[in-house]
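The values are calculated or read from the model by the stated rules, or taken from the named source; none is laboratory data. Given the structure is predicted, the values throughout are model-derived calculations rather than measurements. Here the Cβ positions follow ideal geometry from the backbone for every residue, glycine too, while neighbour counts run over all protein chains shown. We work out accessible area using only protein heavy atoms, side chains counted, and drop any ligands, DNA or RNA first. Shrake-Rupley method; radii C 1.70, N 1.55, O 1.52, S 1.80 Å.
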Amino acid sequence: MKKNFKRCSWCLDDPILIDYHDNEWGKKIIDDNKLFERMTLEVFQAGLSWKIILLKREALRRAFSQFDIDKVSKYNEKKIEKLLQDKNIIRNKRKIMATVYNAKSIKQIQKEFGSFYNFIQNLDISNNTVKELKKYFKFMGNETVKCFLMGCGRVEPEHDKHCFLYNKR
């Protein structure tokens, strides 16, 4: 954690949020499984605070096989029911089902584009990115898509003007 730096107001002087802000948010992700993790965290964040997601990240990693796309794409109804009983994660059936669906979609994208990373890099950000992502993924509304693309470093994160990372890309 960098001391004596001004940050985005959403950090709220919280060490967990500050660490995420300084070391992860907006950093380019090239690994497909890490991109899948970022997307999944954004899906689970919908309607919740980012801090809740960060506090549950390790449990989500365990629940979703360290975000291994191959493994998650094979989850069946029995595994989904088990996840719905896991008190350590966010037990939202639509979000869990979307995660499994999204893993299967990424498998198809990998066949078509070579990697999920290639797909993300080839998105026309100036065009209707949300519409494009909705062709492939579930639970990807406007805000989720925007946050995912900022979080994985595909587009410039929206740092506050007073933040030490503003326009530092």
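With a probe of 1.4 Å, find how much accessible area the chain has per residue, and write the answer as a whole number in Å².
Details: 9420 Å² over 169 residues.
On a per-residue basis, 56 Å².
Can you compute the helix-only [θ] at 222 nm over the chain? Use -39500 (n - 2.57) per DSSP H run of at least 4 residues, normalise by all residues, nearest 500 deg cm²/dmol.
Working: 9 runs with 92 residues, N = 169.
Calculated at 222 nm, the ellipticity per residue is -16000 deg cm²/dmol.
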Query raised in the report: Taking amide H positions as placed 1.01 Å from N in the peptide plane, with prolines and chain starts having none, which residues 5 or more places from residue 138, or on another chain, fall under 5 Å of its amide H?
Result: 102
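Please report, in debye to the nearest 20, how large the charge dipole of the chain is about its Cα centre when each Lys and Arg carries +1 at its beta carbon and each Asp and Glu carries -1 there. Before the final figure, lay out each step's value.
Working: 35 positive and 22 negative charges, 78 e Å.
For this selection, approximately 380 debye.
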Requested in this report: Compute the distance in nm between two label points, each set 7 Å from the Cα along the Cα-to-Cβ direction, one at residue 31 and one at residue 10.
Outcome: 2.4
Query raised in the report: Hey, any idea what % of region 1-43's accessible area is carbon plus sulfur with a 1.4 Å probe?
Result: 54
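What is the percent carbon and sulfur in the accessible area of region 110-169, measuring with a 1.4 Å probe over the protein chains and ignoring ligands?
Carbon and sulfur together cover 44 percent of it.
Assign unit charges at the C-beta atoms only (+1 for Lys and Arg, -1 for Asp and Glu), then state the dipole size of region 49-99 relative to its Cα centre in Debye, rounded to the nearest 20.
On the way: 15 positive and 6 negative charges, 37 e Å.
So the dipole magnitude of region 49-99 works out to roughly 180 debye.
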**Report entry** Cα centroid separation, region 113-145 to region 68-93 (Å)
**Finding:** 24
Report summary line: The computed P(r) of region 16-155 puts the percent of Cα pairs beyond 21 Å at 37
